[in-house]
Amino acid sequence: MDDLYQEELLEAARAPHNYGKLLEADLASPAQTNSCGDSCRVFLKLTSDKKTITTATWEGSGCVISTAGLSILSDKLQNEKIETVLIWNETTLFEWFGFTNFAAARKKCLLLGLHAVQKLLKEQ
């Protein structure tokens, strides 16, 4: 569990990036909730050709891990190609935080935002 609470994760949870509703969003996810009660809603602004995310914000509440995951995810989504985002997975998020392993029970918290974004992009 020591790796779980490394400084980057804690900082992202203390001061979440890109938090709040994006009024001019092209896409907005319905509320996503995982079994432990963490929840989020993601807002995306796309380029006119709908191939790149220009802005990503989110709202929600949850544990340190889901909050940090959403915070870092929202940073990484800025100016990212949709085709790239659709192939991101848990390994991608592990790399962002420098994890080599992660408690299975906490993966759902870390992946909450990514699953919401990918579902939203697939449905557009």
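Please treat every number below as a calculation from the coordinates, not as lab data. From a predicted model like this one, the values you see are computed outputs, not experimental measurements. Every residue, glycine among them, receives a Cβ derived from its backbone with ideal geometry; neighbour counts consider all protein chains shown.
A few comments on the model shown:
- Ranking of Leu22, Leu114, Leu73, Leu86 by neighbouring Cβ atoms within 10 Å, starting from the fewest: Leu86, Leu22, Leu114, Leu73.
- Pairs of Lys residues in the range 3-123, spaced 8 or more positions apart or belonging to different chains, with C-alpha separations under 13 angstrom: 6 in total.
- Neighbourhood net charge (13 Å Cβ-Cβ; Lys/Arg +1, Asp/Glu -1) for Lys76: -3
- DSSP bridge orientation in the chain - percent antiparallel, rounded to nearest 5: 95 percent
- Around the Cα centre of the range 3-123, unit charges on the Cβ atoms of Lys, Arg, Asp and Glu (plus for the first two, minus for the last two) sum to a dipole of about 340 debye.
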